[in-house]
Amino acid sequence: MYEEVKMEKLTINLPPIEIGRIDILVEAGYYPSRTEFIRAAIRKTLDSHQDFIDSQIKQYKTLLEEKEGEEKFATTFAMGVIGLSKGHFEKALKQGKKVKLQIIGLLNIDKSVSAELILQSVEYIKVFGVLKASPAVKSALNRIKNEGKDK
């Protein structure tokens with residue numbers, strides 16, 4: 001059976017005049033709802049910038065692959081829905097490595113992963129999209145990101 005892609009909620013504020021213009025298009029049948037209008041507008045804008053997005057993805061991937069040769073890091077570049085468990089981070093530590101993560105999509109860090117483990121094992125993280133993790137893990141990852149900016 002077909003499984004619908006999970007959606008993330010995004011809230012935007014628009015001036016009343018723009019909402020009115022959208023409502024005119026919806027009422028005329030151009031779009032079934034305000035939501036569909038906004039989705040279509042977002043897709044159109046993303047499609048118009050696809051070459052830039054592709055070049056950025058290629059650049060990020062290349063940078064991580066160059067650094068992957070460094071023996072002290074376990075590098076992960078992924079697109080889509082990615083789930084990481086405690087074992088992923090523990091394995092890197094056992095190998096004497098630190099984790100570098102570059103995710104485009106959704107990164108779900110399992111509840112069993114502690115903030116302490118994150119602080120011990122993660123060198124770098126960048127998520128373009130959605131990060132799902134416990135509040136403590138999110139806080140630890142923010143510390144790592146902020147420390148990286150200071151370097």
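Here are the numbers:
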item: Using a Förster distance of 30 Å, the FRET efficiency for A78-E36 (Cβ separation, nearest 0.05); result: 0.50
item: Set K6/K97; K61/K94; K9/K97; K44/K91; K9/K61; K6/K94 screened for pairs whose C-alpha atoms are more than 31 Å apart; result: K6/K97; K9/K97; K44/K91; K6/K94
item: Placed amide H near I125: partners under 5 Å, 5+ positions off or other chain; result: L101
item: Normalised contact order of the chain, rounded percent, pairs of Cα under 8 Å and 6 or more residues apart; result: 15 percent
item: GNM result for the chain, Cα springs below 10 Å: residue of K98, K138, K44 fluctuating most strongly; result: K44
item: Karplus-derived 3J(HN,Hα), 6.51/-1.76/1.60, for each residue of region 119-126, Hz, glycine and proline x; result: 5, 6, 10, 9, 8, 8, 8, 9
item: Cα centroid separation - region 74-126 against region 21-35, whole Å; result: 43 Å
item: Most fluctuating residue given options E27, E116, E90, as computed from a GNM of the chain linking Cα atoms under 10 Å; result: E27
item: GNM result for the chain, Cα springs below 10 Å: residue of I125, I12, I104 fluctuating most strongly; result: I12
item: Nonlocal amide H pairs with N108, under 5 Å, H built at 1.01 Å; result: I82, G83, L84, K132
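Taken together, the values in this text are just the output of simple stated rules run on the coordinates, not laboratory data. The structure presented is a predicted model; accordingly, all values stated were derived computationally and were not measured. FYI the Cβ positions are ideal-geometry reconstructions off the backbone, even for glycines, and counts take in every protein chain you see.
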